[in-house]
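The structure appears right after this line, and notes come after that.
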Amino acid sequence: MQGDKKILYSAVQPTNNLTIGNYIGAVKNFVALQDEYSCVYAIANMHAITVRQTPADLRKNTLSLLALYLACGVDPQKCVLYLQSHVPAHAELAWVLNTFTYVGEMERMTQFKDKSAKHADNINMGLMDYPVLMAADILLYQTDVVPVGVDQRQHLEITRDIAVRFNNVYSPTFTVPEGIYMKVGAKIGDLLEPSKKMSKSSENQNGVVYLSDDRDTIMRKFKRAVTDSEACVRYDPENKPGVSNLLSIYSVFTGTSMEDCQKQFEGRGYGDFKLAVGEAVADRLAPIQAEQARLLADKAYLDSVLKDGAARASAMAGRTLSKVYKKIGFYQL
Ligand code: TYM
């Protein structure tokens, strides 16, 4: 807790092109939660290098994600907004936590298995150690809650296990964090294969909507979205994954409850429905894209946000790291 507010932590990787899944599962919630919690948001560039990145692109995508956070409404006056590599305590704590984590646990991680299959030529130690770095991120800030999409659930569980393990060996050191998963939108599906997570690494890019897509591209992708043969707009993820996924997207992008969304489309055909979803997405993204472009032209401002964020994050993280170093017996001057 900081003051009377609980501490909330989350991060996004600055990889090329965020999808509307990232927006719905993460960034949008970051804005909604910033008054209720004491929020710390990171740009996880150290996680990003677990798959090969072009340096110039990584730099560009870092500023682009920062501008996106700001354009979506993350307020650096209210939150700590920073770049992971600016706070060395992340790598330092990750090393310590490595000694409280078992190789077998890391090998069992679903994301590690998926990414190893996708990047068979580069199964590096960082890819396997990724969840420990994520645990360090979260635990350094004495985090109470972590809003993420369901694809990160396993990483959050291992973070909790590591925290409890450490606390049991020494004395309570880390707050054990809880995940926050949204009821609607915790797993946005691919538009062409709705039972699969919408992900930038999908083979068929027509099923993936990017935050940078223009209106025509968005409309084209939604027009092609897979539905079913029932011709009834009803939320039923099990039997109607395509339509339910579109309803989730519509609900989040228009701020309408799922019940009202279903009423709105009663008796209307899928063609109409898909157009409406596409329009809702394009309408919401247009002002965000414009604001992001405006911010990207003001590098001095973006740098000042990162500088301030790094100082504030380092102060918080440093307190936890020095507690850890003391407990494990690192001689301190
Ligand atoms: P990343 O960058 O892959 O994704 C950022 C956030 O977006 C969510 N997300 C989705 N939500 C709903 N539907 C989808 N199709 C979808 N795709 C992505 C993810 O769940 C995530 O919340 N390891 C993290 C970054 C990270 C982190 C952390 C998160 C590093 N350290 C500490 C929380 C706390 C990641 O790769 O997210």
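No lab work stands behind these numbers, since they all come straight from the coordinates. Keep in mind that what you see is a predicted model, and the values were worked out from it rather than measured. Methodologically, a virtual Cβ is constructed for each residue, glycine included, from the backbone with ideal geometry; neighbour enumeration extends over all protein chains shown.
Within a 10 angstrom radius of the beta carbon, how do GLU291, GLU230, GLU203 rank from fewest other beta carbons to most? Before the final figure, lay out each step's value.
On the way: GLU291 16, GLU230 12, GLU203 9.
Fewest-to-most ranking of GLU291, GLU230, GLU203: GLU203, GLU230, GLU291.
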Task: For peptides 316-327, 276-287, 52-63, sequence by mean Cβ density within 10 Å, most packed first - done: 276-287, 316-327, 52-63
Task: Cα centroid separation, the range 43-86 to the range 210-232 (Å) - done: 28
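Distance check, please: which entries in LYS115/LYS263; LYS197/LYS274; LYS113/LYS240 exceed 30 angstrom between their Cα atoms? It would help to have the intermediate numbers written out before the result.
Values: LYS115/LYS263 40 Å; LYS197/LYS274 19 Å; LYS113/LYS240 28 Å.
LYS115/LYS263, as the Cα separations exceed 30 Å there.
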Task: Net length gained if the chain between VAL103 and VAL164 were fully extended (0.36 nm per residue, minus Cα distance) - done: 20.2 nm
TODO: Check cross-link reach from LYS326 to the aspartates and glutamates: straight Cα distance under 17 Å, and skip same-chain residues fewer than eight apart.
DONE: GLU92
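Arranged by the count of other C-beta atoms within 10 angstrom, fewest first, what order do GLU238, GLU157 take? Walk me through the intermediate numbers first.
Details: GLU238 7, GLU157 12.
Placing the least packed residue first, the sequence is GLU238, GLU157.
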TODO: Convert each backbone phi in the range 88-103 into a coupling constant with the Karplus relation 6.51 cos²θ - 1.76 cosθ + 1.60 (shift: θ = phi - 60°), then list the ³J(HN,Hα) values in order as whole Hz, x for Gly and Pro.
DONE: x, 4, 5, 5, 5, 5, 4, 4, 5, 5, 4, 7, 10, 10, 9, 4
TODO: Quickly work out the ALA293-to-GLN332 label distance, labels modelled 7 Å from Cα along the C-beta direction, and quote it in nm with one decimal.
DONE: 5.1
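Which net charge results for the neighbourhood of VAL184, defined as the other residues with beta-carbon distances under 14 angstrom from its beta-carbon, given Lys and Arg at +1 and Asp and Glu at -1? Walk me through the numbers before you get to the answer.
Working: positive: LYS28, LYS183, LYS187; negative: ASP236, GLU259, ASP260.
That sum, taken over residues with Cβ under 14 Å, equals 0.
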Task: Farthest positive-ward along the chain dipole, Cα basis, beta-carbon charges - from GLN292, ILE328, ILE138 - done: ILE328
- [ ] Once you've got the Cα coordinates, tell me which of LYS118/LYS183; LYS187/LYS223; LYS187/LYS323 are over 32 Å apart.
- [x] LYS187/LYS323
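Among 205-212, 296-303, what's the highest-first ranking by average C-beta atoms within 10 angstrom per residue?
Working: 205-212: 19.2, 296-303: 12.1.
So the peptides 205-212, 296-303, ranked by packing, come out 205-212, 296-303.
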Task: Simple label model, 7 Å out from Cα along Cβ direction - ARG59 to ASN17, nm - done: 2.3
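Relative to the Cα centre, what is the charge dipole magnitude of the range 177-311, using +1 at the beta carbon of each Lys and Arg, -1 at the beta carbon of each Asp and Glu, and rounding to the nearest 20 debye? Don't skip to the end; give the middle numbers.
Details: 19 positive and 21 negative charges, 40 e Å.
With Lys and Arg at +1 and Asp and Glu at -1, about 200 debye.
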